[in-house]
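Working notes, beginning with the structure itself.
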Amino acid sequence: MNTAYGRNDQMNRLNNVIIDYDAYVSEFLAETKVPGTAIAIVDDGEIIFLKCYGVQKVGENRPVDANTTFRISSVSKGFAV
């Protein structure tokens, strides 16, 4: 899909996936009572979606932002390069 039309079609499908994923994350956080998270989708080294959800800590009003640090322990072993 190197044509302009092919790229536009690909971006439209990706946009639909992002919309669905955004709704899923919002619902998941509400159901599990996770206070907050941040999601980034990177394509070819470029951030194409970045959204922060919720707060950094239960009981506090500091929203999650792009600079929030999360403890992820050994989760990174699955994608470390």
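Bear in mind that the values in this text are calculations on the coordinates, not laboratory data. Keep in mind that this is a model prediction, so the values were computed, not measured. Heads up, the Cβs are rebuilt from the backbone with ideal geometry, glycines too, and the neighbour counts pull from every protein chain shown.
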Quick one: dipole size for the chain, taken about the Cα centre, charges +1 on Lys/Arg Cβ and -1 on Asp/Glu Cβ, in debye to the nearest 20.
-> 320
Working from Cα positions, state the angle (0 to 90°, nearest 10) between the long axis of helix 4-32 and the longest principal axis of the chain.
-> 20
MET11 versus SER73, label points 7 Å from Cα toward the beta carbon: distance in nm?
-> 4.1
Helix-only mean residue ellipticity at 222 nm for the chain, each DSSP H run of n ≥ 4 adding -39500 (n - 2.57), per residue, nearest 500 = -13000 deg cm²/dmol
ILE18 and ASP65 label points (each 7 Å along its Cα→Cβ direction) are spaced in nm at 2.2
Work out from phi, with θ = phi - 60° and the Karplus expression 6.51 cos²θ - 1.76 cosθ + 1.60, the ³J(HN,Hα) of each residue of the range 53-66, listed in order in whole Hz, and give x for Gly and Pro.
-> 10, x, 10, 6, 8, 4, x, 10, 9, 7, x, 5, 9, 5
In Å, the C-alpha Rg and Dmax of the chain are 15.6, 50
